[in-house]
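Comments concern the structure below.
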Amino acid sequence: MEVICYATGKNENPENSVIGIEHCLKVNSNWWIEMDVQITKDKELVLFHDYDLIRTTGRNGIISNFNYSDLSELNIGCDFMLNIDRVNKIKESNIPLLEHVLKSYPEANFIFDIHSNDPSIVDLFIDLIEKVEFTPRFVVGSEYEKVISEMRKKRAFWTYAASAREAKSLIVSSWLQMDKYFPLHSDILCIPLKFGKVTALTDRIIH
């Protein structure tokens with residue numbers, strides 16, 4: 001069984017944070033660490049989940065409208081549960097550059113969830129991975145079909161998680177018992193156990 005630290009260990013530390021990555025590695029360096037990737041106005045790749053800054057930083061605005069220099073000092077722990085220990089952690093938590101993360105943790109196993117549909121993120125991400133010569137196990141996923149399909153065309157040998165469209169096609173075709181006509185082409189399927197009251201991860205899909 002593989003263990004994945006979702007959003008760099010969300011709820012134990014601020015999500016998508018360096019301190020979260022370090023905590024995950026300290027607990028077990030063989031675990032996978034999942035993180036979200038966004039793009040800034042000046043085309044820097046950063047760890048961040050939402051399009052809007054408000055939830056985790058308390059600042060209004062869309063992340064892609066800001067240069068990294070404007071984002072680097074923001075506190076990403078504003079929605080983190082507060083106590084004395086966690087307040088200290090929040091003070092250390094800024095929006096990390098993906099390049100810094102790749103260079104700082106060259107042995108970690110990462111799952112990258114691309115949270116931008118900006119077409120330029122495909123080449124920027126590929127160039128960055130190859131620039132720092134990041135060689136450990138990693139998986140690339142995105143809810144955006146176009147992002148995944150373009151990246152797969154250029155780096156077919158990488159490991160990919162199914163896009164939202166591919167996952168939905170599998171789920172619906174499974175309900176209709178027509179899933180043999182909609183085979184999963186990606187390497188990994190990331191879906192929740194349930195969507196509301198509807199079971200998504202059924203025995204049939206697992207089989």
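The values are calculated or read from the model by the stated rules, or taken from the named source; none is laboratory data. Nothing here was measured: the structure is a model prediction, and the numbers come from that model. Cβ coordinates were reconstructed from backbone atoms using ideal geometry, including for glycine residues, and neighbour counts include every protein chain displayed. Heavy atoms of the whole protein, side chains included, go into the accessibility calculation; ligands, DNA and RNA do not. Shrake-Rupley method; radii C 1.70, N 1.55, O 1.52, S 1.80 Å.
Of the numbered criteria (1) crowded, with 16+ Cβ neighbours inside 10 Å; (2) of a type in the set (Ser, Thr, Tyr); (3) modelled with pLDDT of 95 or more, the one TYR144 fails is (3).
Residue-by-condition table, conditions (1) part of a loop (DSSP other than H, G, I, E, B); (2) modelled with pLDDT under 90; (3) open to solvent by less than 70 Å² (accessible area, probe 1.4 Å):
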{"position": "SER174", "(1), (2), (3)": "no, no, yes"}
{"position": "GLN177", "(1), (2), (3)": "yes, no, no"}
{"position": "LEU184", "(1), (2), (3)": "yes, yes, yes"}
{"position": "CYS190", "(1), (2), (3)": "yes, yes, no"}
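From the list ILE148, ILE129, the lone residue that is touching a Gly at 6+ places or on another chain (Cβ under 9 Å) and part of a helix (DSSP H, G or I) is ILE148.
Within segment 147-167, being closer than 17 Å to LEU98 by Cβ and surrounded by fewer than 17 Cβ atoms within 10 Å (Cβ to Cβ) holds for ARG155, TRP158.
So which helices (runs of 4 or more DSSP H) are wholly in segment 55-120 and hold at least 3 residues that are modelled with pLDDT of 90 or more, open to solvent by 20 Å² or more (accessible area, probe 1.4 Å) and farther than 25 Å from VAL27 by Cα?
Numbers: elements: 68-71, 84-91, 98-104.
It comes to 68-71.
Look at segment 174-197: where a residue is over 20 Å from TYR6 (Cβ atoms) and a partner is at pLDDT 85 or above and in a loop (DSSP other than H, G, I, E, B), sitting 6+ places away or on another chain with Cβ atoms under 7 Å, you get SER174/THR202; LEU184/ALA162.
Residues in segment 1-16 that are assigned to a loop (DSSP other than H, G, I, E, B) and either in contact with a strand residue (DSSP E or B) (Cβ under 9 Å, 6 or more places away or on another chain) or open to solvent by 100 Å² or more (accessible area, probe 1.4 Å) (or both): MET1, GLU2, VAL3, GLY9, ASN11, GLU12, GLU15, ASN16.
Against the condition open to solvent by 60 Å² or more (accessible area, probe 1.4 Å), within 16 Å of the chain's Cα centre (by Cα) and closer than 30 Å to HIS100 by Cβ, how does GLU130 come out, does it pass?
So GLU130 does not fit the description; no.
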